Amino acid sequence: MRRHSPAALPRRLVETLAGQIVGHIPKADLDERDPDYIRENLPLLWLVSSLYFRGEVRGLGNIPEDGPVLLVGNHSGGNVTPDTMVFTLAFSTYFGVERPFFQLAHNLVLSAPGLGRLRKFGTVAASHENAERALSTGAALLVYPGGDREAHRPSWEGNHVNFARRKGWVRLAAAHDVPIVPVVAIGGQETALFLSRGEGLAKFLGLDRALRLKVLPISIAPPWGLNIGDFGGHLPLPAKITIEALPPVHLREEFGPEPDVDEVYDHVTGLMQDTLDGLAAERRFWVIG
Amino acid sequence: MRLETTVDIAAPPEAVWAFVSDPARVLHFMSGVTRWEVVSDQPTGCGARYRTLMRVGSAEVGSLIEVVEFAENSELAWTSLTGIDQRARWRLRARGLDGEHPHTHVAFRLSYGVAGAGVSGWIAERLSAPQVRQNLRRSLTQLKRQVEQEQLRSDAAGRREQKRTRASFSNL
């Protein structure tokens, strides 16, 4: 009689589910960004950002007035990332909705029910091709190199920038010769009690291969209580979100004609960690800010 | 949302006009305004364009605006081209010129909103109104203080000049 490993059945289930989900992932199309739609939704974003998250965005003047720019942010808040919303509002009101602005997001986010409208805000699936296309068209592009690994870090690591040594963004900026503007956010990891990334569990179930998911996070969040996976999102706690855009880093000017990827990575993440430490020092209470 | 704030300034309309029509001075008295940048070839007058931002709640909200009415010492109005919809107007009216205390009655009107935003737009306009209104009141208070100080300096300089003229005549 043939013996199955204990993980075989859950893995088969995951692969079947993954097949269904992957089939629903929309093809990224930069043309789906709709400035009128964004503009008409600015008041709603403003209400949520101002009243619920007491958002505060500093340093937008550091972002070049026009032309392509790579905005590199630290990612927080699990699958519900309030800092992205607060920053999108601030960017759109500061530079106007007419300035092309795209955000890279995990495939699962774009295929989640009800979140398809994010594409109208300029959110496209995270891929090298989409990033290249966005920068080639002269747009501002927001990337979160830490991705799901950083967004689901435990709450007690909330004030750490963790890009997991992912350096594709450095090569991207160097290839297109665009400035990098580090965008540092705090507060997102206080919108729930994040307990574990569940990396072992994700590996055990084969989520990495099936869905490019390296984590199966475990958190305590309303309205679910114990929340495993965060696939259905959660109601974020009203944590104060503070975001700071730092002065642009011009790779060729600061690191020579052939920038060393590791050197740039260490420099930018160091700057971001220092800023995050400063923002953390300003906070007095969890959630309240 | 339509807001209006008024103030009486102890100075002639020309003195007030020098402030409200000069884009370089706007940031000195407009409260909450973080940007007032000339983006057209002509800095003032009909057709002049400015990029403006005001901090309201969690965002700096603004528009690219164009001056549509520019009647010296009297009316200055603009409307938005992009960004948040807005129309605004400075109205200056001379008062009490025949009496002992000539002054200028200054009114500033601002209408703003986002067309097509629906219920959320309606709510956001009303919830943002107290902060915008407070910014406008502070702006007019600061305008009054700056214009009146400038007027005092100007009057004092005029008196000194008169004294010098009289002294030079008596020395003849």
C-alpha long axis of helix B:118-171 to longest principal axis of chain B, angle in °: 10
Table column - 3J(HN,Hα) (Hz), segment A:211-221, Karplus curve with 6.51, -1.76, 1.60, x for Gly and Pro: 10, 6, 9, 8, 9, 10, x, 10, 8, 10, 8
Can you spot the lysines whose alpha carbon is less than 29 Å from A:Lys203's alpha carbon? Ignore those fewer than 8 places along the same chain. A:Lys27, A:Lys167, A:Lys214
Carbon plus sulfur, as percent of the 1.4 Å-probe accessible area of the protein assembly as shown, comes to 55
Based on the alpha-carbon gyration tensor of segment A:100-167 and its eigenvalue square roots a ≥ b ≥ c, which shape applies: rounded if a/c is under 1.5, prolate if not and a/b is larger than b/c, or oblate? oblate
In terms of the Cα gyration tensor, with a ≥ b ≥ c the square roots of its eigenvalues, is segment A:8-281 rounded because a/c is under 1.5, prolate because a/b exceeds b/c, or oblate? rounded
For A:36-44, mean number of other protein chain Cβ atoms within 10 Å: 6
Within chain A, longest stretch free of exposed GluC sites (Glu not before Pro) [DSSP loop, at most 14 other beta carbons within 10 Å]: A:99-289
Along the dipole axis of the protein assembly as shown (charges at Cβ: +1 for Lys and Arg, -1 for Asp and Glu; origin at the Cα centre), the most positive-end residue among A:Gly55, B:Ala71, A:Phe95 is A:Gly55
GNM on chain A, C-alpha springs below 10 Å: top fluctuator among A:Pro43, A:Pro217, A:Pro154? A:Pro43
For chain B, built as a Gaussian network whose Cα springs stay under 10 Å, the top-fluctuating residue of B:Arg159, B:Arg93, B:Arg55: B:Arg159
Test of understanding: in a Gaussian network model of chain B with alpha carbons linked when under 10 Å, which of B:Ala88, B:Ala77, B:Ala129 would top the mean-square fluctuation ranking? B:Ala129
Among DSSP beta bridges whose residues both lie in the protein assembly as shown, state the antiparallel percentage, nearest 5. 75
Beta bridges by DSSP in segment A:8-281, antiparallel share as percent, to the nearest 5: 40
Exposed loop trypsin sites (Lys or Arg not before Pro) only (DSSP loop, at most 11 other Cβ atoms within 10 Å): please give the longest stretch of chain A free of them, not including the sites. A:28-164
Per residue of segment B:73-78, what does 6.51 cos²θ - 1.76 cosθ + 1.60 with θ = phi - 60° give for ³J(HN,Hα)? Whole Hz please, x for Gly and Pro, Karplus curve as stated. 6, 9, 9, 9, 10, 9
Once both labels are modelled 7 Å past Cα along the beta-carbon direction, what's the A:Arg166-B:Arg137 spacing in nm? 4.9
Within 10 Å, at most 14 other Cβ atoms, and a DSSP state outside H, G, I, E, B define an exposed site. Report the longest part of chain B free of exposed GluC sites (Glu not before Pro). B:101-172
How big is the accessible area of B:Ser63 in square angstrom, nearest 10, if you roll a 1.4 angstrom probe over the protein chains? 10
Taking a ≥ b ≥ c as the square roots of the Cα gyration tensor eigenvalues, with a/c under 1.5 meaning rounded and otherwise prolate when a/b beats b/c or oblate if not, chain B comes out prolate
Just the number please: accessible area per residue for chain A, 1.4 Å probe, all protein chains included, in Å². 45
Nearest 10 degrees, 0 to 90: helix A:261-282 Cα axis against chain A principal axis: 90
How long is the gain from A:Asp34 to A:Leu115 if the chain were fully straight, where each residue apart is worth 0.36 nm and the alpha carbon distance is subtracted? 27.7 nm
Give me a single rounded figure for A:152-161: the average over its residues of other chain Cβ atoms within 10 Å of their Cβ. 0
Interatomic Cα distance distribution for the protein assembly as shown, bins of 10 angstrom, percent: 4, 17, 25, 21, 14, 9, 5, 3, 1, 1, 0, 0, 0, 0
For B:Met54, residues with placed amide H under 5 Å, excluding near neighbours: B:Thr34, B:Val61, B:Gly62
Measure nothing but the geometry: give the 0 to 90° angle between the long axis through the Cα atoms of A:35-47 and the longest principal axis through the Cα atoms of chain A, rounded to 10°. 80
Peptide A:48-54: average number of partner chain Cβ atoms within 10 Å per residue? 3
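The values are calculated or read from the model by the stated rules, or taken from the named source; none is laboratory data. Model, not experiment: these values are computed from the prediction. Here the Cβ is made from the backbone with ideal geometry for all residues, glycine too, and neighbour counts use every protein chain on show. The accessibility values were calculated without ligands, DNA or RNA, using every heavy atom of the protein model including side chains. Shrake-Rupley method; radii C 1.70, N 1.55, O 1.52, S 1.80 Å.
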